[in-house]
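Here's the structure we're looking at; comments come further down.
The values are calculated or read from the model by the stated rules, or taken from the named source; none is laboratory data. Given the structure is predicted, the values throughout are model-derived calculations rather than measurements. Backbone-built Cβ (ideal geometry, glycine too); neighbour counts: all protein chains shown. Ligands, DNA and RNA are excluded from the accessible area calculation, which covers all protein heavy atoms including side chains. Shrake-Rupley method; radii C 1.70, N 1.55, O 1.52, S 1.80 Å.
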Amino acid sequence: MRVLSVIGARPEIIQAAPVSAALAAVGEEILVHTGQHYDEAMSDGQIADTGLPKPHYNLGVGSRTRAQQLGLAQKRLAEVIDQERPDVVLVRGDTNATLSGARAAAAAGVPLVHVEAGLRSRRKDMPEESNRVQTDRLAQLLLAPTAGARRNLLDEELAGEIHVTGDPLCDTLEQWRARIQPAGGDYLLATVHRNYNTDHPERLQEVLACLARSPWPVLMPLHPRTRARITEWDLQVSPWIRLLAPVSYSRMLALERGANAIATDSGGVQREAYMWGVPCLTLREETEWTDTVSTGWNTLVGVDADAFQEAVGRPTPSKRPPIFGDGRAAPRIAAIVADFIHRQASPSPATTGRPLAASSSSFSSSSEEVVV
Ligand code: UD1
Ligand code: UDP
């Protein structure tokens, strides 16, 4: 089987390594980087650190307006699909690279697999929400990381076949766990880059004001978007907050593991905080990773400095169920994709449309108990 697999931004790169290894065990992966992220620390440095193979293509899309990024990536992906003729296109997450891959696959008539399907923030001003919803509508295989994501897909009555696989980010972190020594000292780790936190000076200044209330010094690896805005608007940054360049994935894991608390608006960092058992304060009014909140490990504080200060000292819950799966999402994803391609290639009354739900290599789409 030939899987054309799309990456573009940092979180897709970080989650790709275990899926890539699992796909290599059952077929061929053509790895295509749209080039949405391109700084060494956001892209090639992360590829090297996570052990992801060098992409076969880098489409060099770079930084542009959303419409231009979507259009150019789709056009260049269409050319690669035409040349490589894959059995399926696999996209993950919710970036512009994700939606570009989905649109290119749909236009070429190639079945689409969406890893990390079914997440919803219900927030209309988030490009990621639009990317997720549109991608899920185009996908033939919807691979949900959690039972809650599956429920969202069922509620929307989408056409694709749904499986709950667990979260490949959990595979990535579990593969690192034994090698990561927590960074030392008392500190709060912070990351901020969401569009609605960084597109207006007042809002970004409020984010920084929240962080200044941390009881511990703040370490903040800065996304290039956030660094540019802080500089452009000459915002006030408390000396309590130490601004860093983006760090490698292994360094980030060490910083997360050693932190007294994490404050973030990142989807990946919220999940990693949970997986390490470090309390998280989310600098947003909503999250698509709702299980982290309902289990009591994550608090949505928005940009309310009082709410931030109140939540940062709160004791942690006694239980931390494995909401992101068992660290074996990637082999499950590869097995589901292989079975899907097999059914497409040899349709028969016995196999057509039969999901892999009964197979032991997959969580069944009704296996909410298995995931947790
Ligand atoms: C993108 C994703 C977001 C994801 C984030 C991960 C979309 C709509 N958003 O947001 O879901 O959480 O990546 O980090 O796809 N820049 C650089 N160097 C780089 C990349 C970006 O300097 O290597 C700067 C540029 O000024 C650019 C800005 O960051 O304009 C934003 O980059 P972009 O890729 O458009 O969106 P992100 O904010 O990174
Ligand atoms: N990350 C990293 N270095 C940093 C900041 C984040 O390696 O300086 C990792 C983080 O551990 C997580 C991923 O980047 O795995 C999350 O990506 P990001 O926050 O950029 O995007 P999101 O998850 O919000 O889409």
Expressed per residue, the solvent accessible area of segment 77-171 in Å² (1.4 Å probe) is about 32
At 0.36 nm per residue, minus the direct Cα-Cα distance, what do Asn260 and Met42 gain on full extension? Give it in nm, one decimal, please. 76.0 nm
Run the accessible area of segment 185-330 with a 1.4 Å probe and give the carbon-and-sulfur part as a rounded percent. 50
Heavy atoms only, probe 1.4 angstrom, no DNA, RNA or ligands counted: give me Thr226, Thr231 ranked by accessible area, highest first. Thr231, Thr226
Can you tell me the convex hull volume per residue for segment 209-292, based on C-alpha atoms, in Å³ to the nearest whole number? 104
Which of Leu189, Ser214, Ser5 sits closest to the plus end of the dipole of the chain, meaning its Cα is farthest towards the positive end, when Lys and Arg get +1 and Asp and Glu get -1 on the C-beta? Ser5
If you project the alpha carbons of segment 56-178 onto their three principal axes, what span does each projection cover, largest first, in Å? 39, 35, 31
At 0.36 nm per residue, minus the direct Cα-Cα distance, what do Ala78 and Ala178 gain on full extension? Give it in nm, one decimal, please. 31.9 nm
Just to confirm the filter: which trypsin sites (Lys or Arg not before Pro) across segment 27-92 are DSSP coil and have at most 16 other Cβ within 10 angstrom of their Cβ? Arg64
Protein chains only, probe 1.4 Å: how do Glu232, Glu161 rank by accessible area, largest first? Glu232, Glu161
Solvent-accessible area per residue for segment 217-318 at a 1.4 Å probe radius, Å²? 39
Counting only helical runs of four or more DSSP H residues, what would the 222 nm mean residue ellipticity of the chain come to if each run contributes -39,500 (n - 2.57) and the total is spread over all its residues? -13500 deg cm²/dmol
